[in-house]
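Before any comments, here is the structure.
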Amino acid sequence: DNKYDGLIITGAPLGLVQFSDVVYFDTLVKIIEWSKHNVTSTLFLCWAAQAALKVLYGLEKQTRDVKLSGVYYHRKLEQQDPLVRGFDDLFLAPHSRHTEVSAEDIHNCKALTVLAESREAGVFLCMAMGGRQIFVMGHPEYDRVTLDGEYKRDKGKGLEIEIPANYYPENDPELRPRLLWRAHANNLYTNWLNYYV
């Protein structure tokens, strides 16, 4: 019965698992549906963004041939939207996922407005319902060493994994990763809180 100003639904390392096989997916669907009427603005991150796009707009996720992992440049498409206020025309953000909703499907959905995208990583940021639903396909919340930890974890498991793109100096995993996205990440969350929550 409660109403909330803002809700963040985070990602989960379930990219290769079908939604129907996720044991709590029915509960997540109920939360997503509930949020439409009880939350001023809901921010969905990565896997949760893919799940919400499926639940709310029928957009299917697709498995990539190779895991997308690294830090990528994105273009700001909407100059006037408050969510991207203060963003540079080109900005960096991390991604780490095996699946994606195709940029074409997102652009073709009339309910969605794409605010930022990348040639390599696809759509990064889109919204619906005037900002009541915000979908972030990447991981602006990652700290300096999150991709490093994921990469070394997967290597330790013997998985064939590529070095995260544009992340380590000289592409050397022994060097300290560069942190190149914090200002835009902070700006994104500040804008969400100030203008949509």
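The values are calculated or read from the model by the stated rules, or taken from the named source; none is laboratory data. Since this is a predicted model, take the numbers as computed values, not measurements. Quick reminder, even Gly has a Cβ in these numbers, built from the backbone with ideal geometry, and neighbours come from all protein chains shown. The protein model used for the area step is the full one, side chains on, heavy atoms only, and it has no ligands, DNA or RNA in it. Shrake-Rupley method; radii C 1.70, N 1.55, O 1.52, S 1.80 Å.
Looking only at the stretch 1-16, how many residues end up being of a type in the set (A, V, I, L, M) and either without any contact (Cβ under 8 Å) to a residue 12 or more places away in the chain or farther than 20 Å from residue 131 by Cβ (or both)?
Keep residues of the stretch 1-16 that are of a type in the set (A, V, I, L, M), which gives 7-9, 12, 14, 16.
Next cut, either without any contact (Cβ under 8 Å) to a residue 12 or more places away in the chain or farther than 20 Å from residue 131 by Cβ (or both) only: 12, 14, 16.
Adding up the residues that qualify gives 3.
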Exercise. Considering each of 142, 151, 167 in turn, give the residue that is aromatic (Phe, Trp, Tyr), buried (at least 18 other Cβ atoms within 10 Å of the Cβ), at pLDDT 95 or above and in a helix (DSSP H, G or I).
Key: 151
Practice problem: Would you tally the residues in the stretch 47-65 being open to solvent by 10 Å² or more (accessible area, probe 1.4 Å), touching a residue at least 60 places away in the same chain (Cβ under 8 Å) and of a type outside the set (Ser, Thr, Tyr)? | Solution: 1
Practice problem: Those residues that are surrounded by fewer than 16 Cβ atoms within 10 Å (Cβ to Cβ) and not in a loop (DSSP other than H, G, I, E, B), I need them from the stretch 170-188; list them, please. | Solution: 170, 171, 182, 183, 186
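Working carefully through the options 120, 100, find the one that is of a type outside the set (A, V, I, L, M) and in a strand (DSSP E or B). Break it down into steps so the answer makes sense when it comes.
On the way: 120 fails: in a strand (DSSP E or B).
Answer to the check: 100.
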Self-check item: Unique residue being buried (at least 21 other Cβ atoms within 10 Å of the Cβ) and of a type in the set (Ser, Thr, Tyr) when the list is 27, 42
Solution: 42
